[in-house]
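Heads up: the structure comes next, in structure tokens.
The values are calculated or read from the model by the stated rules, or taken from the named source; none is laboratory data. Keep in mind it's a predicted model, so treat the numbers as computed, not measured. We place every Cβ from the backbone using ideal geometry, glycine too, and count neighbours over all the protein chains shown.
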Protein chains: 2
Amino acid sequence: MNINEKYMKEALKEAKKAYNKLEVPVGAIIVKDGKIIARAHNLKETKNDTTYHAEIIAIKKASKKLESWRLNGCDMYVTLEPCPMCAGALIASRINKVYIGTMDEKTGACGSVLNLLKDYKFNHCVESETGILKSECEEILKSFFKDLRKYKSTKDCN
Amino acid sequence: MNINEKYMKEALKEAKKAYNKLEVPVGAIIVKDGKIIARAHNLKETKNDTTYHAEIIAIKKASKKLESWRLNGCDMYVTLEPCPMCAGALIASRINKVYIGTMDEKTGACGSVLNLLKDYKFNHCVESETGILKSECEEILKSFFKDLRKYKSTKDCN
């Protein structure tokens, strides 16, 4: 297991926490100088707030830790391709690089629906790399939606 | 003064609060059924957190008030064109329509650099209208950056 896979494993641990809270299982961590400085998982339903995506929470935690909104020199590992809001936050926070597990064909803004990180000229450029532990990042989402369908069909029968 | 200008005046009041805190003067309000349910202004420097844009704070406040992340039926009035993060948050929160004061040629994601609201197929479509009290929304930004330059050049002399 290389270093990127090791960090993605940590993001997957966060995704599992979301799963256990009946949240779409997405996890993210932020690394600086070889240290994990922020961990977060999706809490949108729990908090009833669409800005509680794993990436946004992680960015907020890292900013608090570093006492700066500038996250230059920081890398994010996230299990699912960021949506436009989160990709925009990566640019605005000046994150160095984002490592992505699996892609999101419906709302992904780092190569799927569009690529905010590469196709436009903003004041900061975020590097990206995709497919880190892709199967595991895909599997946890598939499993979650399968469980959700099962739960909903059981509910419909009662 | 029509109803849209009246609401943009309220967003401008918020922008002025940001100005007085030495923040880039951007203000936003959210309206539902003719009532202002959230008011916010940019607090990025104060909070040392790039997610503290006026639009994101307003969305969080509205979600809290409505106890829902779904802001269907809500309109936002914002003095400056939203960046990708904020335009993405408008889509994700299912806001009905965004009324924009002036455009942001450098980072605007509702028609300037790109148009996240119109050029892509996401699961929700946000309507938009631009140029509401454009001169006033432009003027407050110009005045702020003029003051900032003056302040910086005074500092450089000391």
- Message: Just to be sure I understand, how many residues within region B:96-116 are touching a helix residue (DSSP H, G or I) at 6+ places or on another chain (Cβ under 8 Å) and more than 10 Å from chain A (Cβ to nearest Cβ)?
- Response: 5
- If we scan region B:133-150, do we find a residue that is within 30 Å of B:SER63 (Cβ to Cβ) and modelled with pLDDT under 95? no
- Cβ-Cβ under 9 Å pairs, at least 6 apart or on other chains, region B:33-44 side part of a helix (DSSP H, G or I), far side surrounded by 14 or more Cβ atoms within 10 Å (Cβ to Cβ) and of a type in the set (Val, Ile, Thr): B:LYS44/B:VAL24; B:LYS44/B:THR50; B:LYS44/B:THR51
- Task: Would you mention how many residues in region A:50-61 are buried (at least 21 other Cβ atoms within 10 Å of the Cβ) and more than 22 Å from A:ILE132 (Cα to Cα)?
- Result: 4
- Being assigned to a helix (DSSP H, G or I), within 14 Å of another protein chain (Cβ to nearest Cβ) and either under 12 Å from the mean Cα position of the chain (by Cα) or of a type in the set (A, V, I, L, M, F, W, C) (or both) narrows it down to one of A:MET76, A:MET8, A:MET85, so name that one. A:MET85
- Is it true that some residue in region B:139-147 is of a type outside the set (Phe, Trp, Tyr), more than 13 Å from the chain's Cα centre (by Cα) and under 22 Å from A:SER93 (Cα atoms)? no
- Message: Please count how many residues of region A:92-115 are closer than 23 Å to B:SER93 by Cβ and basic (Lys, Arg).
- Response: 1
- Task: Pull up region B:25-72, narrow it to residues that are within 10 Å of the chain's Cα centre (by Cα) and closer than 19 Å to A:LYS64 by Cβ, then point me to the one that is nearest to the other protein chains (Cβ to nearest Cβ).
- Result: B:ILE56
